[in-house]
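Have a look at the structure below before the remarks.
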Amino acid sequence: MRWISDHEYLHTSEGSVFLYDVATDKISDFLSKDRFIDKNAYDYQLSADRRYVAFMSNYSKLWRHSFTASYSLYDRESDTFITPSDIPDKVQYFAWAPEGNKLAFVWNNNVYIKTSPNSTSQQVTFNGEENKILNGIPDWVYEEEMFSSNQGLWWSPGGKNLAYAEFNDTGVHTIEYSWYGENQYPSTVSIPYPKPGTPNPTVKLFVVDTDNATKISEVVVPDSFGSVEHYLSTVTWVSDERLAVQWLKRVQNHLILQIYSFNGFTWNTYEVKQKCINQINNNTLNSYYLLMSDTQQYKHIHHVVGVALWLSRHPNVLWLKCSTMGSILTSMKLLFVHCFIIYFTTCLIPTTLFMFIFLTDLWYQMILPPGFDESKKYPLLIDVYAGPCSQKVNYVYRVNWSTYLASTEKIIVASFDGRGSGYQGDKLMYEIYKSLGTKEVEDQITAAREFIKMGFIDKDRVAIWGWSYGGYVTSMVLGSGSGVFKCGMAVAPVSKWRYYDSIYTERYMKLPSQNSEGYDNTTVTGRARNFHSVQYLLVHGTADDNVHFQQAAEISEALVEEQVDFEAMVSNLGNATDNCGTNVMKHSYI
């Protein structure tokens, strides 16, 4: 379902697309399934004026968010596809303008625009080159860690201008791994992948006038950031002539929101707002949203309109609405109930009990088998992630492997959000700053000890498992020598933070030159000798572009050097869970 106005949305049913008007309660045909069949399309994108449709086909996944596809333009008024089409195959990104029917796309790492679906494509950039210069799409590390998207170009609200980023990876070191396909010889995949302390990609921001593609101007980074390494964090249009850009220092403790206005020739500084780490997003010409922490170190959204400020606060603290004079207009206090017991029953699985209670002022979640009896002893599995600002304990109902283990195998599955986790205030979240692999690991051990004290846990059958950061924490827990856990499974774990990407790692650990001890003292390999007393299953894909197989190889080597018996499962898999098909995922869990 996708909304196209305040009262209309499109919904796909049996291959066709229908328009629903909630105001009139009417349903009408919008796109016939025959048009999808014509192009073997799996999805579509609609122009702002609703006249044209870009049917998407030949999908080919690249990384977590990026992919290539073919786009066939269709005119709804004439019920015909536009031919011949000068949009090439394997387009890396496609976007309609917010108004009318202009469009932009990226092909071979260069930006192109069309002023209408029937017009000729105009090439905007000419220096694009694979793994070196990327225009309009982010490189690997920006896609994964900064944008969480494959988008590197942004339309202005009226479709007059198009901002696009240029990512330069020529100085970035590359990671290479083999892809074991069906050919006689494996192929080699090479990715510019910056690691902590190594050269980062450089980035520039440009704006092109889409009515005159030769009119391109650079949006220059603020002077205070121009002489230091920095990131492009966000790009937000306020109007066709006003642009808000967030620039972030490499150490990620200082962010600037720079407002630019166009004078007809260049983009000049209009206003500068500086905050540490916090993010700001513009909404309209006269207002914006500011994310910052209050005096109790909880982050809240501030809506700034003119000179007024509205502050919406977290439960258990005051809700305030105040003017710039600081007078309190209204206030109320909300309190959490300290214990919830929630039952979920469906016709597909046995009844499962979820419990949410405070444990030393922190939350845990426990999935209990049907027919749970406190007088009996049950095996316990800790399902962990524990990465910075993460959250495992929530009210989302899921049917997954944990549900199966509890309902079929009579295993209690628990998760715990300890120090470093998110949404419980800055103080708790920053507990692991510059020290990943310390307190969050200790807290999982403490939680398991507390669970055993409840009386219904079999202390001789306590295990832990996790994926990615959870695999790292699992490995660190098992290597702690605590004696609490008997076994564990780590999927795609980090072994050393020096091997992970720069943006994520330096955000929490700073550069190795600034925190060498923090990097050196939090490795899985340094705990290898403690694995003699536990059973350890290490699972990793050789084609993981995110947590490289290098990490598992290092762990394996360290365990072998210590003469530790362990089990390992290696396959030709990609990034974490993203490139795992149904059969692969089934095999991983079974």
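What to note about this one:
- The alpha carbon centroids of the range 177-217 and the range 81-114 are separated by 19 Å.
- Area projected by the alpha carbon convex hull of the range 73-127, averaged over all directions, nm²: 4.0
- Across the protein chains, with a 1.4 Å probe defining accessible surface, the residues S32, S468 rank S32, S468 from largest area downward.
- Fraction of accessible area attributable to carbon and sulfur, the range 56-144 (%, probe 1.4 Å): 46
- Positive end of the dipole of the range 79-136 (Cβ unit charges, origin at the Cα centre): among Y93, Q123, I133, the Cα lying farthest that way belongs to I133.
- The mean accessible area for residues of the range 211-273, using a 1.4 Å probe and ignoring ligands and nucleic acids, is 44 Å² per residue.
- Three-way shape call for the range 155-209 based on the alpha-carbon gyration tensor, with the a/c threshold at 1.5: oblate
- Partners of K410 within straight-line reach, counting lysines whose Cα lies under 26 Å from its Cα and excluding those fewer than 8 residues away in the same chain: K376, K377, K392, K453, K459, K486, K586.
- Rg/Rh for the range 1-140 (Cα atoms only, Rh after Kirkwood) is 0.99.
- Computed about its Cα centre, the charge dipole of the range 1-144 is approximately 240 debye, with only Lys, Arg, Asp and Glu carrying charge at their Cβ.
- Accessible surface of the range 154-267, 1.4 Å probe, proportion on carbon and sulfur as whole %: 49
- About the centre of its Cα atoms, the range 353-507 shows a dipole size close to 240 debye [charges on the beta carbon of Lys, Arg (+1) and Asp, Glu (-1) only; nearest 20 debye].
- Once divided by 2.2 N^0.38 Å, the Cα radius of gyration of the range 426-466 becomes 1.44.
- The range 416-531, Cα convex hull volume normalised per residue, Å³: 105
- Think of a 1.4 Å ball rolled over the protein heavy atoms: the range 90-165 then has 33 Å² of accessible area per residue.
- Estimated at the nearest 10 Å², the accessible area of L405 is 20 Å² with a 1.4 Å probe.
- Cα gyration tensor shape for the range 468-573, rounded if a/c is under 1.5, else prolate or oblate: oblate
- Listed residue pairs exceeding 26 Å between alpha carbons, taken from K204/K434; K114/K204; K61/K160; K114/K249: K204/K434; K61/K160; K114/K249
The values are calculated or read from the model by the stated rules, or taken from the named source; none is laboratory data. Computed from a predicted model, the values in this text were never measured in an experiment. Neighbour counts are summed over all protein chains in view; Cβ atoms, including those assigned to glycine, are modelled from backbone coordinates with ideal geometry. When the accessible area is computed, the model is the full protein with side chains, heavy atoms only, and any ligands, DNA or RNA have been set aside. Shrake-Rupley method; radii C 1.70, N 1.55, O 1.52, S 1.80 Å.
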